[in-house]
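> Sharing a structure with you now.
The values are calculated or read from the model by the stated rules, or taken from the named source; none is laboratory data. Note that the structure is a prediction, hence the values are computed from the model and not measured. Cβ sites come from the backbone with ideal geometry, for glycine too, and all protein chains shown count toward neighbours. For the accessible areas, the whole protein counts, side chains as well, though only heavy atoms, and no ligand, DNA or RNA atoms are used. Shrake-Rupley method; radii C 1.70, N 1.55, O 1.52, S 1.80 Å.
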Amino acid sequence: MTLQGYLDTLKGKRIAVIGIGVSNQPLIKLLLAAGIDVTACDKKERDALGALGDDLEKMGCKLRLGPDYLDGVNQDVIFRTPGLHPRFLEEARARGSVVTSEMEVFFDVCPCPILAVTGSDGKTTTTTIIANLLKAAGHTVHLGGNIGHPLLAEADAIRPTDWAVVELSSFQLLTMRKSPHIAVLTNLAPNHLDVHTDMDEYVDAKANLLRYQTASDRAVCNWDNEITRKLSAVTAGMVKYFTRISDEIPSCGCYLKENAIWYRQEAEERPVLPLTDILLPGTHNVENYMAAVCAVQGLVPDETIRTFARTFGGVEHRIELVRERGGVRWYNDSIASSPSRTIAGLRSFRSKVILIAGGKDKGISYAPLGPVVNDHVKLLILCGATEAVIREAVLTAENYRDLEILTAADYQSAVRLADERSGEGDVVLLSPASTSFDRFRNFEERGRVFKDLVNALP
């Protein structure tokens, strides 16, 4: 089905779009431009929408705003925002409403192959690497999804020979009933349990990436992660594994040998990427490249991979070097909204760091973070609602040895403390291990505030 064909099926129906954020704004305007009856619902008040609200109303959009924005939602078709759990729309579904999303419809109408990446950690970096490798090899690539760019409104401009590369969150995958042609599952660990019913629901949502693949599709899974290894049985497609630590070489996939990433398929094997060619720090980025190498086999030459890896400096807010000042390097890892992500960040550095951490609790255990902080941190500065639980994880770890822990009232104080206590050769790392929602709208805003403070240091 084409995008226009899908829009034609909505003519004469009442449509509700839940959420007027960045991902749904193009969708709302697309529907309105097609002459479709649209009600946009959001918990924001009218004043918070400002000029956007004015523009939408001029286009004929009805607005349902405020704390009761979901009351009485019973339109024929409801587009939910990824952050809204489907359970909040069960009554509407029981009354006959069709509940879908921008990404689900994109999977239905996209005319080209789709390569999708998900996981608890590393999915944005892996998605970005894959998209750039395909571009470097001469492919036309449409990058979107959870990475911040909605693609549905652009579907009619996509050619069958192009590639759509999308990052998918567990929230987007919860109700997906189609899987991509190439699926990449980086890893899985407890995450977003403040929204998901439990860990089983979180894992089951991720499984939808593989569940609807056919025999002609491909899946890339992390052999070293027990959950992703087990989930590989869900797909009907060909599975490629990548392993950084196993002595067992996969029959098809990537592994480490002679300080390089090697690729093997059946009896043939070859070195693809020397680790010394990877500019990004950290063993987790080695895994990201292994996943990417598996995904682009047959689409990107090895030399293109090596050339790209030598120059790619990473994605903003992901162990991003902000500044070097007086011999001190400041890194922004604001994307680290879970303990596992901060653990990976800490292990990226050879020497102990000054760590700034803390934020909003996601309902997951911080116990695994404690031992790693004690091993990799020389000074811990806590700032945010999770200050107490992170402190407890550090103090109760078996390897605790009098690590100094300071508390900062805000980021300005945290940066000041780190500046006062750091010296030549030190690394200061913002890696919160928590979400940003206690103080900021999202991790991007949190990272930008941190960078502004660091860059303002005299």
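> Among (1) open to solvent by less than 50 Å² (accessible area, probe 1.4 Å); (2) touching a residue at least 60 places away in the same chain (Cβ under 8 Å), which single condition is residue 387 missing?
(2)
> Right, here's the next one. Within segment 402-432, how many residues turn out to be more than 11 Å from residue 334 (Cβ to Cβ) and touching a helix residue (DSSP H, G or I) at 6+ places or on another chain (Cβ under 7 Å)?
Taking segment 402-432 first, the residues more than 11 Å from residue 334 (Cβ to Cβ) are 402-410, 412-428.
From what's left, touching a helix residue (DSSP H, G or I) at 6+ places or on another chain (Cβ under 7 Å): 403, 405-408, 412, 415, 428.
Count: 8.
> Scanning segment 402-442 for residues that are of a type in the set (Gly, Ala, Ser) and open to solvent by 40 Å² or more (accessible area, probe 1.4 Å), which turns out nearest to residue 379 (Cα to Cα)?
425
> Right, something else. Only one of these is farther than 25 Å from residue 113 by Cβ and without any contact (Cβ under 8 Å) to a residue 60 or more places away in the chain: 201, 268. Name it.
Values: 268 fails: farther than 25 Å from residue 113 by Cβ.
Within the list 201, 268, the selection yields 201.
> Sort through 204, 224 and tell me the only one that's at negative phi, in a helix (DSSP H, G or I) and among the charged types (D, E, K, R). Break it down stepwise before answering.
Numbers: 224 fails: in a helix (DSSP H, G or I).
None of the other options fit; the residue is 204.
> Sticking with this structure for a sec: Could you list all residues from segment 285-336 that are free of Cβ contacts under 8 Å to residues at least 12 places away in the same chain and either of a type in the set (A, V, I, L, M, F, W, C) or open to solvent by less than 10 Å² (accessible area, probe 1.4 Å) (or both)? Don't jump to the end; show me each part of the working.
Just the residues of segment 285-336 that are free of Cβ contacts under 8 Å to residues at least 12 places away in the same chain, to begin with: 298, 303, 321, 324.
Answer for segment 285-336, where residues must be free of Cβ contacts under 8 Å to residues at least 12 places away in the same chain and either of a type in the set (A, V, I, L, M, F, W, C) or open to solvent by less than 10 Å² (accessible area, probe 1.4 Å) (or both): just 321.
> Where residues in segment 338-359 are open to solvent by less than 30 Å² (accessible area, probe 1.4 Å) and not hydrophobic (A, V, I, L, M, F, W, C), which of them is farthest from residue 384 (Cα to Cα)? Working first, answer last.
Quick first cut of segment 338-359, residues open to solvent by less than 30 Å² (accessible area, probe 1.4 Å) only: 338-339, 342-346, 348-349, 353-359.
Filter once more, so that each one left must be not hydrophobic (A, V, I, L, M, F, W, C): 338-339, 342, 345, 348, 358-359.
On the way: 338: 14, 339: 14, 342: 15, 345: 19, 348: 24, 358: 5, 359: 4 Å.
The selected residue is 348.
> Among helices (runs of 4 or more DSSP H) lying entirely in segment 1-119, which contain 1 or more residues that are open to solvent by 70 Å² or more (accessible area, probe 1.4 Å) and polar (S, T, N, Q)? So that I can check it myself, show each step before the final result.
Values: elements: 3-10, 25-33, 46-49, 51-58, 90-94, 102-109.
Passing ranges, in order: 3-10.
> Return the residues of segment 110-148 that are touching a Ser or Thr at 6+ places or on another chain (Cβ under 6 Å) and closer than 30 Å to residue 74 by Cβ; say none if nothing qualifies.
146, the sole residue that qualifies.
> Within segment 51-74, count every residue that is under 31 Å from the mean Cα position of the chain (by Cα) and among the basic types (Lys, Arg).
Matching residues across segment 51-74 total 1.
> So, one more: If I filter segment 93-130 down to residues being small (Gly, Ala, Ser) and under 17 Å from the mean Cα position of the chain (by Cα), which single residue comes out as nearest to residue 313 (Cα to Cα)?
Narrowing segment 93-130 to residues small (Gly, Ala, Ser): 94, 96-97, 101, 116, 119-120, 122.
Cutting the leftovers down to under 17 Å from the mean Cα position of the chain (by Cα) gives us 116, 119-120, 122.
Details: 116: 22, 119: 21, 120: 21, 122: 15 Å.
Once the filter is applied, the top-ranked residue is 122.
> Shifting gears a bit: Could you tell me whether any residue of segment 365-375 is under 20 Å from residue 413 (Cα atoms) and open to solvent by 20 Å² or more (accessible area, probe 1.4 Å)? Break it down into steps so the answer makes sense when it comes.
Start the filter on segment 365-375 by keeping residues that are under 20 Å from residue 413 (Cα atoms), which leaves none.
No, every residue in segment 365-375 fails to be under 20 Å from residue 413 (Cα atoms) and open to solvent by 20 Å² or more (accessible area, probe 1.4 Å).
> Looking at 358, 425, 363, can you tell me which residue is small (Gly, Ala, Ser) and under 20 Å from residue 324 (Cα atoms)?
Working: 358 fails: under 20 Å from residue 324 (Cα atoms); 363 fails: under 20 Å from residue 324 (Cα atoms).
Going through 358, 425, 363 in turn, just one is small (Gly, Ala, Ser) and under 20 Å from residue 324 (Cα atoms): 425.
> Does residue 121 meet the test of being touching a residue at least 60 places away in the same chain (Cβ under 8 Å), in contact with a helix residue (DSSP H, G or I) (Cβ under 8 Å, 6 or more places away or on another chain), closer than 30 Å to residue 15 by Cα and not hydroxyl-bearing (Ser, Thr, Tyr)? It would help to see each step written out before you state the result.
On the way: touching a residue at least 60 places away in the same chain (Cβ under 8 Å): yes; in contact with a helix residue (DSSP H, G or I) (Cβ under 8 Å, 6 or more places away or on another chain): yes; closer than 30 Å to residue 15 by Cα: no; not hydroxyl-bearing (Ser, Thr, Tyr): yes.
It is false that residue 121 is touching a residue at least 60 places away in the same chain (Cβ under 8 Å), in contact with a helix residue (DSSP H, G or I) (Cβ under 8 Å, 6 or more places away or on another chain), closer than 30 Å to residue 15 by Cα and not hydroxyl-bearing (Ser, Thr, Tyr).
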